[in-house]
Amino acid sequence: MGRKSRYTCYKDCDLAKACSCKESIAMSYPTTQNRKLIVSPKIHPIVEVLSYYTRRINNRPISAAISSMREQYPESKESIDALFGKLEALEQRLNDVPCPADEERLHFFFDDLGQTPSRVRALGVNLATAIFMPSATDPWEFSSLEEYRDQLKGLSVEEIIFRVRLTFAVPNEIWQREECRDFATFYDYISEYPVSEAERYRILGVVRNFSAYVDELTELLRPGMEAIVENAPLYAPLLERFASIYQNKTPEEAFTGDEEVHIFNREAEVFRLYPCLFAVNEYYTITYQKTDAQPVYNHIEIGVLHDAAKQYGKRDIPLKDLAGYIKVIGDPIRLQILTMLKHEEVYVQELTEKLGLSFTTLSHHMTKLVMAGLITSERRGIYVYYKANTDFLRWLKNRVVSLLME
C-alpha cells in the first residue's frame with residue numbers, strides 16, 4: 001500500500017469467522033494504561049450508500065430488521081418507533097431516489113459473491129464494496145465525491161489487488177501475503193475462490209476494469225449520497241444516542257462482557273468507533289498499524305440498530321416470564337431447532353426436511369420460539385428465514401447463571 005502496514009481483519013460474518021487471517025501474522029503490540037476510545041460524531045455517506053444498496057439488492061431492507069425488533073421487544077415498541085421510524089423514513093426516501101443504473105447493473109455490482117464453506121452467502125461481500133469502500137486505515141475526509149474518485153483512480157495495480165483481496169478474504173489463502181502483487185499471482189489466488197466461474201471472472205474483472213468501474217459507481221452512488229446528506233436531521237437522534245452511550249468511556253468499559261462487541265485486538269492503543277445506519281453486518285473491526293512509530297489502531301464500526309437491540313435485550317424480566325422462556329426451550333424439538341439455527345439462517349422448507357416433521361408441526365414449534373423472542377424471522381421474497389436471537393439467548397443464559405450460581 002506504499003507504506004509499512006500491518007493488518008488483521010475480522011468481519012462479523014460466517015465467511016470471515018472461517019478465515020485463517022487472524023493467525024497469519026504474529027503481532028506483539030505494546031499495552032498502555034492510557035488507551036483511547038474515540039467516538040465519531042457522524043456517519044460516512046459512502047459507507048452508508050454502499051450498505052444501503054447491498055441491503056436493497058440482496059433483499060435485506062433495514063425496515064425488516066426494525067419490524068423484527070418490534071416483534072422481539074413489544075414492550076419497547078413506542079421507543080423503537082420514535083428512534084427508528086426516522087431510519088425507516090430515510091430508507092424509503094432512498095428507495096424513491098431515481099438511480100442512474102438499471103436493476104441488472106445494480107445486481108452486477110451489489111450481488112453477494114462471498115461464500116462460506118457451508119455455502120451460506122456472506123452479506124456485504126460484493127464488487128461495489130471491493131471497488132469503492134473507503135479504507136478503514138486512511139482518513140475518511142475528502143472535499144468532494146470527485147476528489148475521492150480521483151484518489152481511487154490513482155491507485156496502483158498492487159493497491160487495487162490489495163483492496164480486492166481484503167474484501168474477498170477466504171480460508172484457502174491468507175490475504176496479507178505480500179507475494180500477491182501482480183495480476184498473474186492474483187489470478188492464481190482467485191482461481192480457488194469458492195464461487196462460480198462467472199462470479200470468479202467478475203472479481204478478476206475488477207482489477208482489469210477498475211478505473212471504469214470507479215467512474216460508473218461515482219455516478220451510480222451520487223444521488224443516494226446526496227439524499228443521505230440532505231436528510232441528516234432524520235438520523236441525528238440515532239447518532240446522539242450512540243454518542244451518549246459510548247462517549248467518555250474507556251475501552252474496558254465499552255467492550256466488556258459476553259454481550260458486547262468482540263473487538264479483534266483488545267491490546268490496541270487507540271479504538272476508533274464509528275456508528276453505521278445501514279450496517280450489513282452487526283459490526284466490523286480491523287486492527288492496523290501504519291508504521292512502527294505510530295499507535296496500534298482498532299477501527300470498529302457498529303450498526304446502530306444492532307446496538308439498540310443489545311440495549312433492549314438487557315431489560316429486566318420477571319421470574320415468571322423467565323421460567324416461561326426456559327419452558328419453551330425445554331421441548332426437545334425446539335431445543336434441536338435452536339441448535340440448528342445457532343450458526344446459520346434457515347427457511348421452513350429446509351427445517352422440515354432436516355427434522356422430518358410436517359409443516360403443521362414445525363409451524364407450531366416455530367411460533368412458540370418466535371413469540372418467546374428466542375428466534376427471529378425475516379421475509380426475503382417468497383421465503384421466510386429464521387435465525388437464533390443470539391443477543392437474547394446470551395442474556396437469558398447470563399440471567400439464569402446469576403440467579404442460580406452467583
Task: Volume in Å³ per residue [convex hull over Cα atoms, computed for the range 355-406] - done: 98 Å³
Open item on the list: Assuming 0.36 nm per residue, please report the length gained on full extension of the stretch residue 81 to residue 399 beyond their Cα-Cα distance.
Closed with: 111.8 nm
Open item on the list: Checking the table 249/290; 42/387; 86/368; 86/342; 86/397; 249/327 against a 28 Å threshold on Cα-Cα, which pairs fail?
Closed with: 42/387; 86/368; 86/342; 86/397; 249/327
Open item on the list: Run the simple label-point estimate for residue 266 and residue 384 please: 7 Å along Cα→C-beta, distance reported in nm.
Closed with: 4.0 nm
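Just so you know, all these numbers are worked out from the coordinates, no wet-lab data involved. Bear in mind that the values here come from a model prediction, so they are computed numbers and not experimental data. Note that each Cβ is placed from the backbone with ideal geometry, even for glycine, and that neighbours are counted across all protein chains shown.
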